[in-house]
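The structure appears right after this line, and notes come after that.
The values are calculated or read from the model by the stated rules, or taken from the named source; none is laboratory data. This one's a predicted model, so the numbers in the text were calculated from it and none came from an experiment. Neighbour counts run over all protein chains shown; Cβ positions are idealised from the backbone, glycine included.
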Amino acid sequence: MDCVLRESALQIRLEQPGDVEAITHLNQLAFGRLDEAFLIAHLREHAQPFVSLVAENEDGQIVGHILFTPATIHMPTEDVQGMGLAPMAVHPDFQFQGIGTNLLKAGINHMADMQIPYVIVLGHVDYYPRFGFVPASLRNIRCQWVGIPDEAFMILVLDPIAMQNVSGTAYYHPVFEEVM
């Protein structure tokens, strides 16, 4: 997949090996710390599938990044595999221009193409519902971390048939526990 999305001067595409340094710098700028960049580096090494998309402007600068890595909903009888979204970052100089929206839409489409049944996210309650995310508790799915506000832990169901009767505790990739 060469181009996930091209809208005007913005291109959303899969991460390439030469993008690693720019992604690290972008996440450091967006979050004001190195934690997310450190997390991404460890996920890149240990998580498969690892779906990393970048938004590149007309000057070839990476101005946005979104990452999807394996997630699991543990149930008494079986585990259901999906993906967790984290982190997503937009360069501070380019925020509020639709880059995050385009990244998220392209990412969701890519997850659907991969036949991923769901995506979980721990995020802003005013942002993610616009894309179909709902509080995971509405599906009787809990977050692995205690004390997370109910409305902030969300799920987007991409395959309703696969997600019938699925409930339990959702876990991000184990690297999240090790690094964060």
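Listing for the model above:
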| read-out | value |
| --- | --- |
| Which listed residue is touching a His at 6+ places or on another chain (Cβ under 9 Å), of a type outside the set (D, E, K, R) and closer than 17 Å to Phe133 by Cα, from Ala86, Ala106, Ala47, Ala71 | Ala71 |
| Residue count, segment 13-33 (criterion: in contact with an Asp or Glu (Cβ under 9 Å, 6 or more places away or on another chain) and surrounded by fewer than 16 Cβ atoms within 10 Å (Cβ to Cβ)) | 2 |
| Search result, residues across segment 124-176 that are of a type in the set (Gly, Ala, Ser) and at pLDDT 95 or above | Gly132, Ala136, Ser137, Ala152, Ala162, Ser167, Gly168, Ala170 |
| Qualifying residue in segment 119-132 (condition: among the aliphatic types (A, V, I, L, M), touching a helix residue (DSSP H, G or I) at 6+ places or on another chain (Cβ under 9 Å) and more than 24 Å from Glu45 (Cα to Cα)) | yes |
| Residue tally, condition among the small types (Gly, Ala, Ser), under 18 Å from Val90 (Cβ atoms) and without any contact (Cβ under 8 Å) to a residue 40 or more places away in the chain, over segment 102-158 | 1 |
| Filtered residue count, segment 100-130, keeping only those that are of a type in the set (S, T, N, Q) and in a loop (DSSP other than H, G, I, E, B) | 1 |
